[in-house]
């Protein structure tokens, strides 16, 4: 089966959509001008839920190189471990600490940007 160059496998797109929801859930805990921040506990719960959706989508994603799928799986699992740490430890944080910690929690998901570039190159 041939794909047009630059097209993404549908399985990847489903996983990536769940990953984007996970990132958005985490960042909802950061105060912003136009909205109140979510409580950190709610944000972490939503993050973990979206990561669960990503795990489910990963099991259904079969097209494309296995190495890319494995890196994405590892990124989701590492992010889940970090989210669990945040949920269990629940450290008290000021704004700067919150931003740094949430950035560290979701950092492994950057693997999806690299995966997308690799998949688009074919």
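Between helix 40-60 and the chain there is an angle of about 10 degrees, using the helix long axis and the longest principal axis of the Cα atoms.
Principal-axis analysis of the Cα atoms of the chain puts helix 111-121 at an angle of about 20° to the longest axis.
So for the range 10-121, averaging the separation of alpha carbon pairs under 8 Å that are six or more residues apart and normalising by length, what relative contact order in percent results? The value is 31 percent.
Residues 15, 30, ranked from the fewest to the most other C-beta atoms within 10 Å, line up as 30, 15. Would you mind computing the Rg to Rh ratio of the range 80-122 from its alpha-carbon coordinates, Kirkwood style for Rh? On the Cα set of the range 80-122, Rg over Rh gives 1.18.
Against the chain, whose longest principal axis is taken from its Cα atoms, helix 95-106 shows a tilt of about 30°. Each listed q (0.14, 0.15 Å⁻¹) maps to a log10 I(q)/I(0) for the range 10-121, found by the Debye formula over equal Cα scatterers with no solvent: -0.55, -0.62.
Readers should treat all values here as calculations from the given coordinates under stated rules, not as data from a laboratory. What you see is a predicted model; the values in this text were computed from it and never measured. Here Cβ is always computed from backbone atoms with ideal geometry, including for glycine, and neighbour counts include all displayed protein chains.
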